[in-house]
Amino acid sequence: MTLILNTWIFEADVKAGTKQSELVDRVAQLGADGIEVRREYFKDLETELPAVKKKAKEHHLIVNYSVQDVVFEADGSVNPKLETYFEEGKVLGIEKIKFNTGHFDRFKGDLKEAFAALPLDFIEMNVENDQTQVSGTIKAIKNFLTVAHEAGLTSLGYVYDLGNWAFTHGDAKAAAKELAPFTHYIHLKNTIEDNGSLITSEDLDTGRYDWRALLKLLPSDQYYALEYPMASDEKIAAQIKLFKNEVGD
């Protein structure tokens with residue numbers, strides 16, 4: 001079992017000016033196996049990317065990269081920034097990079113040719129169910145990954161994001177069943193309703209989803225990540241313990 005901490009966990013610290021490179025030590029001290037950094041949290045890519053890599057190597061931590069951008073633009077063309085994101089990933093020393101699918105429904109080209117310049121042989125590319133109808137439905141994700149695998153791009157995978165299914169009114173159980181064959185990474189967070197609005201809980205056991213039951217429908221040999229803001233390292237440590245007690249070391 002490999003557990004990653006997504007830096008959204010430290011949202012309050014980031015907003016207060018903490019750099020993601022400064023969070024690596026804490027992630028290691030909390031006993032996680034790796035850190036998932038978020039591109040939107042970087043202020044100075046030139047200095048911060050190598051700093052994350054250096055710190056992570058010191059602690060023997062895995063680094064993954066969350067990029068809040070699409071693979072396919074509104075007109076169906078491949079996002080021209082993908083190569084840049086992968087280059088940033090190389091500087092970070094990442095294992096996995098995550099995007100949203102975007103408008104694959106409008107793509108007209110050859111997938112293998114379109115992705116030929118990307119270093120997919122040593123950086124794993126995944127797409128996530130986000131909180132939109134474009135990229136956050138079972139149909140959209142399954143269609144893209146099915147076509148990709150048929151084109152020989154079998155390393156492309158899916159990030160099952162539990163909490164996001166609430167925002168698209170999707171069926172988290174059906175998604176786990178249908179998308180399990182493509183699942184390479186599992187993001188865990190729960191969702192609650194607050195004054196008529198959906199928000200992310202700071203506790204896996206508080207919310208609409210039975211995460212334990214859903215995990216039984218998903219591959220058990222892939223990476224897991226906790227991805228929800230928490231107020232203190234004590235809370236984070238308690239949530240890590242909760243997760244590990246259920247899933248095991």
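The values are calculated or read from the model by the stated rules, or taken from the named source; none is laboratory data. A quick note: this is a predicted structure, and the numbers were derived from the prediction, not measured. Here the Cβ positions follow ideal geometry from the backbone for every residue, glycine too, while neighbour counts run over all protein chains shown. Areas reflect the complete protein model, heavy atoms only, side chains present, ligands, DNA and RNA absent. Shrake-Rupley method; radii C 1.70, N 1.55, O 1.52, S 1.80 Å.
Selection of first residues in the stretch 195-208 that are of a type in the set (A, V, I, L, M, F, W, C) and of second residues that are open to solvent by less than 50 Å² (accessible area, probe 1.4 Å) and part of a loop (DSSP other than H, G, I, E, B), restricted to Cβ pairs under 8 Å at least 6 apart or on distinct chains, gives the following pairs, ordered by first then second residue: L204/K189; L204/N190.
I need the full set of residues from the stretch 153-167 which are surrounded by 24 or more Cβ atoms within 10 Å (Cβ to Cβ) and either free of Cβ contacts under 8 Å to residues at least 24 places away in the same chain or not in a strand (DSSP E or B) (or both), in order please. Residues satisfying the conditions are L162, G163, N164, W165.
For first residues located in the stretch 36-61 and at positive phi, partners that are at pLDDT 95 or above and assigned to a helix (DSSP H, G or I) and lie 6+ apart or on another chain with Cβ distances below 9 Å form the pairs H60/A28. Residues in the stretch 112-127 that are open to solvent by less than 10 Å² (accessible area, probe 1.4 Å) and of a type outside the set (F, W, Y): I123, M125, N126, V127. Only one of the numbered conditions (1) at pLDDT below 95; (2) open to solvent by 20 Å² or more (accessible area, probe 1.4 Å) is violated by E150, and that is (1).
Can you go through A238, A225 and tell me which one is open to solvent by less than 50 Å² (accessible area, probe 1.4 Å), at pLDDT 95 or above and hydrophobic (A, V, I, L, M, F, W, C)? When all the criteria are applied, what remains is A225.
To keep it simple, each residue is scored yes or no on (1) of a type in the set (D, E); (2) under 30 Å from E113 (Cβ atoms); (3) in contact with a helix residue (DSSP H, G or I) (Cβ under 8 Å, 6 or more places away or on another chain); (4) open to solvent by 20 Å² or more (accessible area, probe 1.4 Å).
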| site | (1), (2), (3), (4) |
| --- | --- |
| T7 | no, no, yes, no |
| L30 | no, no, yes, yes |
| D33 | yes, no, no, yes |
| Y41 | no, no, yes, yes |
| T47 | no, no, no, yes |
| P50 | no, no, yes, yes |
| N79 | no, yes, no, no |
| T84 | no, yes, no, yes |
| E95 | yes, yes, no, yes |
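Is it true that I199 is closer than 23 Å to K15 by Cα, outside any helix (DSSP H, G or I) and β-branched (V, I, T)? So I199 fits the description; yes. Does the stretch 10-19 contain any residue that is touching a helix residue (DSSP H, G or I) at 6+ places or on another chain (Cβ under 8 Å), open to solvent by less than 10 Å² (accessible area, probe 1.4 Å) and closer than 15 Å to L156 by Cβ? No.
Reported count of residues in the stretch 168-188, each being open to solvent by 10 Å² or more (accessible area, probe 1.4 Å), farther than 28 Å from D110 by Cα and touching a residue at least 12 places away in the same chain (Cβ under 8 Å), is 6. Pairing residues of the stretch 76-105 that are more than 20 Å from H187 (Cα to Cα) and part of a helix (DSSP H, G or I) with residues that are open to solvent by 10 Å² or more (accessible area, probe 1.4 Å) and of a type in the set (F, W, Y), at Cβ distances under 9 Å and at least 6 apart in sequence or on separate chains, gives E88/F42; K90/F122.
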